[in-house]
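The values are calculated or read from the model by the stated rules, or taken from the named source; none is laboratory data. Computed from a predicted structure; not experimentally measured. Cβ coordinates were reconstructed from backbone atoms using ideal geometry, including for glycine residues, and neighbour counts include every protein chain displayed.
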Amino acid sequence: MNKQHSDTKKIGIVLSSVPGYSETFFRNKIKGLQNNGMEVTLFVDESQTTSHNLPCELIVAPKFNSGFFLKLKNVCIAAIKCCFVNPKQSLKHYKLDKKDGIAFKQRIKNLIFNQYLLGQDLDWLHFGYGMLATNRENVAEATNTKMAVSFRGFDLYLSPLKHQNCYKILFSKNVEFHVLSEKMKQRLTTYHVSENRIHVITPAIDTSLFESPNRKVETRKTLDILCISRLHWVKGLHYLLEAMSILKKDEINFKLTIIGDGEEKERLIFAAHQYGILDDVVFTGKLTQTEVIQHLKTSNVYIQYSIQEGFGNAVLEAQAMGLPCIVSDADGLQQNVLHNKTGWVVPKRNPIALAKKIIDIHFLDPEKRDAITSAAVKRVNNDFNLNNQNRLFLEFYRN
């Protein structure tokens, strides 16, 4: 395919669905690229809405898992495209899959499922998560397109445990990888991926939305603790609740607010009941960005005690709002928060250590606490703003 020889790049971003309200990293990235002259097309496997509120073209993959007649119709359309619309790309894709040792039946499936991508004229095909590139490893080469893959945490650390050798073919390809932290880069090199192909671009936030409200330097009698998290075991919320039970036994007054939803909600509510702290814990479910900002303004400690975390946008937002932040030492959180400089890092899976650190901060000299939160605000505004992120992604695609 003929590519444009100008600064304008055609970038296809592949996601499972249209980014939700909490996936600001995708929304900000797309807007930033478009504002800087890039042409972005968003490819999704499914979409619940035709109004995606993004400044780019949206292409939804044909459905192959619905009713029989719709499935048959889409298979026939894909087969026609394979033979008459994209024959060269389809043949090349088939041969590349065969070279990789993919079984015949899977080769045919890949051809059918990937037709909506094989017909595109792009400079870059960028998969937003690692697992989205599986069974699509040869689409970019078949269409003479550069390929990029982002890893965001769960897909790098946990997916290979659930799906053994899921990235074996991917890691053998000429791919540029984007990760969120230096820790993730180190992990990726253990798969024998060259460091030259791994690019660390940390998340960023809209610092104009998350501004420090000039909190009063004071020590409150009741700790208003906030955590924004998907309710999943990997977020370490059970350990957080156990730490809260220790505070309860030590007669430290607190209110813990957990913003977010997920599969572990009932289990966590029951755990809070067993620990005797259910009256001190509030599960709000999902909230709007405006509501989240209000909670950040009124809380006085933020905690992210994950077992695994690629980086953590919510932690950046909390720091930008001037909240004292305690995080676990999981992966990118160690780069997100600098221990004893912009916040505090506690060993993961250690509720006793977490409880002790919360108590230490509760009774910390207010001026010392203010110095640390001020340093955090300054660092987030300087290093994790959208302008920096946009610049790095532009360099990523142009180089």
Selection status of residue 196, more than 30 Å from residue 360 (Cβ to Cβ), in a helix (DSSP H, G or I) and polar (S, T, N, Q):
yes
Log entry, pairs with first residue in the stretch 70-96 being closer than 19 Å to residue 135 by Cα, second being acidic (Asp, Glu) and surrounded by 13 or more Cβ atoms within 10 Å (Cβ to Cβ), beta carbons closer than 7 Å, six or more apart or on different chains, reads 96/141
Criterion (surrounded by fewer than 18 Cβ atoms within 10 Å (Cβ to Cβ), within 30 Å of residue 392 (Cβ to Cβ), among the aliphatic types (A, V, I, L, M) and assigned by TED's automatic domain parsing to the domain that holds residue 172) met by exactly one of 54, 33
54
So residue 319 clears everything in (1) in a loop (DSSP other than H, G, I, E, B); (2) of a type outside the set (D, E, K, R); (3) in contact with a helix residue (DSSP H, G or I) (Cβ under 6 Å, 6 or more places away or on another chain) except one condition, right? Which one?
(1)
Considering each residue of the stretch 265-299, count those that are in a loop (DSSP other than H, G, I, E, B), under 29 Å from residue 320 (Cα atoms) and more than 19 Å from the chain's Cα centre (by Cα), and give that number.
1
Of the candidates 330, 271, the one satisfying the condition of being more than 15 Å from residue 256 (Cα to Cα) and buried (at least 16 other Cβ atoms within 10 Å of the Cβ) is 330
Filter the stretch 240-257 down to the residues that are in a helix (DSSP H, G or I) and closer than 19 Å to residue 324 by Cα and list them by number.
240, 241, 243, 244, 247
On the given criteria, is residue 354 farther than 25 Å from residue 253 by Cα, of a type outside the set (S, T, N, Q) and assigned to a helix (DSSP H, G or I)?
no
Yes or no: the stretch 333-352 includes at least one residue that is modelled with pLDDT under 95, crowded, with 22+ Cβ neighbours inside 10 Å and within 23 Å of the chain's Cα centre (by Cα).
no
Does the stretch 131-150 include one or more residues that are over 17 Å from residue 93 (Cα atoms) and assigned to a loop (DSSP other than H, G, I, E, B)?
no
Criterion: outside any strand (DSSP E or B) and in the same structural domain as residue 235 (by TED's automatic domain parsing) - qualifying residue of 391, 349
349
Restricting attention to the stretch 199-214, which residues are within 14 Å of residue 395 (Cα to Cα) and part of a strand (DSSP E or B)?
199, 200
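Residues are listed down the side, and each one gets a yes or a no for (1) at pLDDT 95 or above; (2) within 16 Å of the chain's Cα centre (by Cα):
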{"site": "151", "(1), (2)": "yes, yes"}
{"site": "154", "(1), (2)": "no, yes"}
{"site": "160", "(1), (2)": "no, no"}
{"site": "164", "(1), (2)": "no, no"}
{"site": "167", "(1), (2)": "yes, no"}
{"site": "170", "(1), (2)": "yes, no"}
{"site": "173", "(1), (2)": "yes, no"}
{"site": "178", "(1), (2)": "yes, yes"}
{"site": "188", "(1), (2)": "yes, no"}
Only one of these conditions is not met by residue 13: (1) out of contact with any Gly (no Cβ under 8 Å at 6 or more places or on another chain); (2) within 19 Å of residue 178 (Cβ to Cβ); (3) at pLDDT 95 or above. Which number is it?
(1)
The condition from (1) assigned to a loop (DSSP other than H, G, I, E, B); (2) under 18 Å from the mean Cα position of the chain (by Cα); (3) surrounded by 19 or more Cβ atoms within 10 Å (Cβ to Cβ) that residue 262 misses is numbered (3)
Of the numbered conditions (1) modelled with pLDDT of 95 or more; (2) among the β-branched types (Val, Ile, Thr); (3) in contact with a Ser or Thr (Cβ under 8 Å, 6 or more places away or on another chain); (4) under 30 Å from residue 126 (Cβ atoms), residue 205 satisfies every one except a single condition; which is it?
(1)
Just one of 303, 326, 372, 307 is at pLDDT 95 or above and part of a helix (DSSP H, G or I); which is it?
372
Does the stretch 55-79 hold any residues that are of a type in the set (Lys, Arg) and within 34 Å of the chain's Cα centre (by Cα), and which are they?
63, 71
If the requirement is being within 24 Å of residue 374 (Cα to Cα) and surrounded by fewer than 24 Cβ atoms within 10 Å (Cβ to Cβ), which of these qualifies: 301, 315, 234?
301
Condition check: surrounded by 17 or more Cβ atoms within 10 Å (Cβ to Cβ), of a type in the set (Lys, Arg) and either within 17 Å of residue 143 (Cα to Cα) or outside the structural domain of residue 124 (by TED's automatic domain parsing) (or both). Does residue 81 satisfy that?
yes
Restricting the stretch 19-48 to residues that are modelled with pLDDT of 90 or more, outside any strand (DSSP E or B) and hydrophobic (A, V, I, L, M, F, W, C), the residue that is farthest from the chain's Cα centre (by Cα)
38
